[in-house]
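See below for the structure under consideration.
Every number here is computed from the coordinates shown, using simple stated rules; none is lab data. What you are looking at is a predicted structure, and each value in this text was computed from that prediction instead of being measured. Cβ placement follows ideal geometry from the backbone for every residue including glycine, while neighbour counts extend to all protein chains displayed.
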Amino acid sequence: MDGFDEQALLERCRGGQDDAAFAELVDRYKDLVYGVVYRLSRDRGAADDLAQEVFLKVHRGLPYFRGEAKLSTWIYRIVFNVCSQERSRVRPVELPLDRGEGHRPIDPGGIDASFGDFELRDRLEHAMATLPDNYRFLVAAHYLQGVDYKALAEALDMPIGTVKTHLHRAKRLLRERLTS
Amino acid sequence: MTCAEVRELIEAVAAGDEPGGAEFEAHVAACGGCAAALETARRIERALAALPAPAAPAQFSRQVMAAVRRARWQHDNQVDRVFNFAIVLGLVIVAVAAVSLLNLGSVANMMLAVVEAMAEARHQPAPWGRDGSVPVALATAMFAMAFGVWWWAERRSASREEARQ
């Protein structure tokens with residue numbers, strides 16, 4: 001979305017009574033919000049509720065949003081806060097990374113082509129589910145929704161270098177968990 | 001470079017955030033473990049980029065808008081309740097004041113005495129008699145005004161509900 005359109009949409013939304021404008025905003029950002037929230041909750045029902053809560057907070061906060069950051073950046077921040085609050089309320093179910101009895105651990109060095117394989121993709125998703133919240137948010141936002149380092153840094157209020165470092169650590173954890 | 005130093009850089013190099021450098025390349029070329037780790041990191045990088053992003057359900061926008069309308073309705077109801085409470089409180093205060101004027105008379109007499117004293121000082125007749133009819137009329141007007149405001153607020157709230165439906 002270019003700046004002008006975003007500004008115009010914001011102005012229409014800020015009145016509070018233009019439901020069509022807010023519906024347009026929801027349509028524009030729903031996949032972005034839902035994609036990240038789903039990765040953080042790993043449950044369709046919980047993702048529906050959390051994504052809805054994110055948009056309710058966006059609706060309540062719009063009159064006070066001063067436009068100093070991009071709208072999407074502000075929305076990422078709300079996503080992260082909503083998910084963090086939820087995670088502090090409900091402890092996640094830890095998902096095992098091994099494939100069960102009779103299966104040897106996967107050796108990523110020996111299965112070059114199988115990263116496209118459903119089973120390995122599933123294991124990667126399970127490994128992601130065991131990452132700490134902030135790492136999972138970064139991985140989900142950066143890789144699944146294409147949020148760049150700069151936008152992530154603004155959303156989380158941290159330097160770009162720190163965002164990169166956290167992402168590298170997250171991926172190192174994934175590597176260690178997939179190869180252990 | 002040691003294996004530990006190389007492994008600190010592996011994810012950054014695999015993501016293309018760091019160039020690695022000659023020492024890094026030399027170590028990876030000579031160390032099978034680090035080479036495998038780098039290859040794995042690159043595969044994870046590709047796999048993450050290829051993971052499908054779950055899309056919001058088809059009815060999601062409609063559900064959000066329904067939730068927004070519900071939240072707004074609850075907020076408006078809350079505001080209406082506070083407003084109605086304020087109006088009722090105002091009416092009670094006005095009623096208590098009117099009863100004081102009608103039954104006790106002392107408050108009205110005190111006010112009248114003050115006005116008469118001021119009028120006498122200016123050698124003018126008092127603007128009303130000593131029967132207290134003007135203060136009672138004022139209290140009645142305040143009653144009417146409070147009811148008017150209440151009626152207006154209720155009418156506005158009802159028309160807003162109609163517009164929403």
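Worth a mention:
- Counting Lys and Arg as +1 and Asp and Glu as -1 over every other residue whose Cβ lies under 11 Å from the Cβ of B:Glu8, the net charge comes to 0.
- Taking the number of Cβ atoms within 10 Å of each Cβ as an exposure proxy, the fewest-first ranking of B:Ile93, A:Ile75 is B:Ile93, A:Ile75.
- Which of A:Thr162, B:Thr40 has the fewest Cβ neighbours within 10 Å, and the rest in rising order: A:Thr162, B:Thr40
- Principal axis box of the stretch B:54-98, alpha-carbon based, largest edge first, Å: 67, 12, 5
- Cβ crowding within 10 Å ranks B:Met111, B:Met118 as B:Met118, B:Met111, fewest other Cβ atoms first.
- Under the simplified labelling scheme, the B:Ala121-B:Leu91 pair shows an inter-label distance of 4.0 nm, with each label point 7 Å from Cα along Cα→Cβ.
- Radius of gyration, Dmax [the stretch B:3-50; alpha carbons; angstrom]: 10.2, 31
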